Amino acid sequence: MAPKTKTVVRKNTTLVEVAWEVCNQVGGIYTVIRSKVPTMVQGWGTNYILLGPNVHANVNADFEPDESIDSPAVAIVRELRAMGWDVQIGSWLVSGRPTTVLFNPKSVMDKLGDIKYFYWQNHHISFNQHDPLMDEVLAFGYMVKEFLSRYARVCLDQDHDLLAHFHEWMAGTAIPDLKKEQIPVQTVFTTHATLLGRYLAMNDPFFYDHLPFLDWASEAKKFNVEPTVQLERACAHGANVFTTVSDVTAKECVHLLGRNPDCILPNGLNIERFSVLHEVQNLHHTYKKQIEHFVMGHFFQSYTFDLNNTLYFFTSGRFEYKNKGYDLTLEALARLNHYMKEKNINKTVVMFFVTKQPYSSINQDVLTSRAIMEEIDHNCDAIMEQLKERLFDAAATNTDHRLPALNELVDDYWKLRYRRTIQSWKSDRLPSVVTHNLVNDAEDPVLNFLRGANLLNHKDDKVKVVYHPDFVTSTNPLFGIEYGQFVRGCHMGIFPSYYEPWGYTPVECLARGVSAITSDLSGFGNYVKKIKKGNEAHGMYLIDREDQDFHSAADQLANKMLQFVNTNRKFRIQSRNKAEDLSEEFDWKNLIKHYDRAYDKALNNYPTK
């Protein structure tokens, strides 16, 4: 197991990290902050505080109130509470238990008119349209600004530096006021993805070619996001140090936010290594069995294929059909299916699309098939129990040492039940492509592509597709395992993103010993190109999207998948172990140096007392 890096605790500076996703799981920033906490606590000790919004009931599951914490923040929280504000202080229930302050924006909504008026007066940003989320964001920013103003006074009295790191525009609305009022706090602002860039990439197939020539103001007006984009630009320009997560997004920031980032802060994970390499393979085998159980229930009522020659691919993430590369993945899968048929490759690929889409219910046929599979499993257990008992009796009492006819040891009841259950399960219909009844089935781009490509789980298809528009969790009736366990059971993750500022999913694959494909247009893919071990021998496959058209990229992706399909089991086991070696590069203990550099840059600009 790799040794932990020893970090020197900073004693004369307090770092306050502000994010909309502190104790509030919305997207990838939650993973960034949460996974980074142990390393931050190790480096900053009690001088590390997190601020977040109390906007969701689920927050209470992550947070434990505690006013016995030894921190000046306790007194400030009590001051704000005396003003009628709903503010809590305690610990985020993650490793390191960092001091955390949560603000309920609804408790200051009576001041919303003044907040918007002064934002317009001081920063020339108008919030005329009704937007409940923007209202909460502005109210949260107002509360954060008041908290930091009071904390700054405490720091001045104690000859202590105060540093505030804001993630994304939703958390950064306090920055312009902190700068205008010259509050003695140094600010770092990180944009994980520009709002306008996400809109443009989804709607412009030549986004990166057009980027240098775009007029941000007219584009923001076109997409009706002017106030948000103006606010994001104000945060970027108002911060002492402006950062983003990758070189890919840095180019975007220059053209859409008008400022070149001062530092790049790549995202990491807490990588858990195994001291014994075979444990990685054992876990893969355990969870692959769980996936195989689903596959048998889903496909084998219609036809069978050799599970020993089956590979499990998957993609996952927010449903952004073009940005996440779902369109490219589907096109490549259709080509892979053709190539495997043409070359008569005796293997099957089952491809899982795991993403959140609106649905009304689980497909009844899928659920029924799964239930009957469970019944078959129960019948087999009962028969085995009866067989074991009678076989033991036969061994003890019979003088004949030969194995008795096993069929005669099973009651007719269980024979009949076994046969009837299987008969009721078998079907001539094709296995369903989608596991749920989608709300917009006729308009869903994944389903429409599969229908158009006739990639509908025919018996002779070498590539089978399972479209699962929901999270994979242990309570999910179809899988019964957690997402991380599902990933471990698969063989390869497919993430050829067109627009992806960073991209956690390939890193999560490598950390679990699973090979992954990504693109050079993702922040992670762009970063991994510079790492010596970032190659296919270590489970990392990279496709070029920056300088290729869609069809060339699709063919490259199909050939990368075909290359992996043609590998043998020994190669995949070796690759699984080496993928874990590569994942070490993305452990926070190795990446935190980039954050330290940004903080040092901000503190070097700190005014002399």
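Data overview
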| item | result |
| --- | --- |
| Sole residue being loosely packed, with under 15 Cβ neighbours inside 10 Å, out of contact with any helix residue (DSSP H, G or I) (no Cβ under 7 Å at 6 or more places or on another chain) and among the polar types (S, T, N, Q), chosen from 68, 107, 91, 95 | 68 |
| Checklist (1) surrounded by fewer than 19 Cβ atoms within 10 Å (Cβ to Cβ); (2) under 23 Å from the mean Cα position of the chain (by Cα) applied to residue 310, failing item | (2) |
| Verdict on residue 347 being in contact (Cβ under 8 Å) with a residue 12 or more places away in the chain, of a type in the set (Lys, Arg) and surrounded by 11 or more Cβ atoms within 10 Å (Cβ to Cβ) | yes |
| Residue check, residue 553 assigned to a helix (DSSP H, G or I), in contact (Cβ under 8 Å) with a residue 24 or more places away in the chain and buried (at least 23 other Cβ atoms within 10 Å of the Cβ) | yes |
| Residue match in region 596-609 (condition: in contact with a helix residue (DSSP H, G or I) (Cβ under 9 Å, 6 or more places away or on another chain), crowded, with 17+ Cβ neighbours inside 10 Å and assigned to a helix (DSSP H, G or I)) | no |
| Qualifying residue in region 152-171 (condition: in contact with a strand residue (DSSP E or B) (Cβ under 9 Å, 6 or more places away or on another chain) and among the aromatic types (Phe, Trp, Tyr)) | yes |
| Lone qualifier among 600, 581, 549, 544 - being assigned by TED's automatic domain parsing to the domain that holds residue 40 and over 18 Å from the mean Cα position of the chain (by Cα) | 600 |
| Region 321-334 - residue that is within 17 Å of residue 506 (Cα to Cα) and of a type outside the set (Gly, Ala, Ser) and, of those, surrounded by the fewest Cβ atoms within 10 Å (Cβ to Cβ) | 323 |
| Single unsatisfied condition, residue 272 versus (1) farther than 25 Å from residue 490 by Cβ; (2) in a loop (DSSP other than H, G, I, E, B); (3) not aliphatic (A, V, I, L, M) | (1) |
| Selected residue (only one of 289, 221, 251 is outside the structural domain of residue 123 (by TED's automatic domain parsing) and not aromatic (Phe, Trp, Tyr)) | 289 |
| Region 127-138 residues that are small (Gly, Ala, Ser), paired with ones that are surrounded by 13 or more Cβ atoms within 10 Å (Cβ to Cβ) (beta carbon under 6 Å, 6 or more apart) | none |
| Selection count where residues are in a helix (DSSP H, G or I), surrounded by fewer than 20 Cβ atoms within 10 Å (Cβ to Cβ) and either polar (S, T, N, Q) or without any contact (Cβ under 8 Å) to a residue 40 or more places away in the chain (or both), scope region 557-595 | 9 |
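The values are calculated or read from the model by the stated rules, or taken from the named source; none is laboratory data. Fair warning: this is a prediction, and the values are worked out from it, not measured in the lab. FYI the Cβ positions are ideal-geometry reconstructions off the backbone, even for glycines, and counts take in every protein chain you see.
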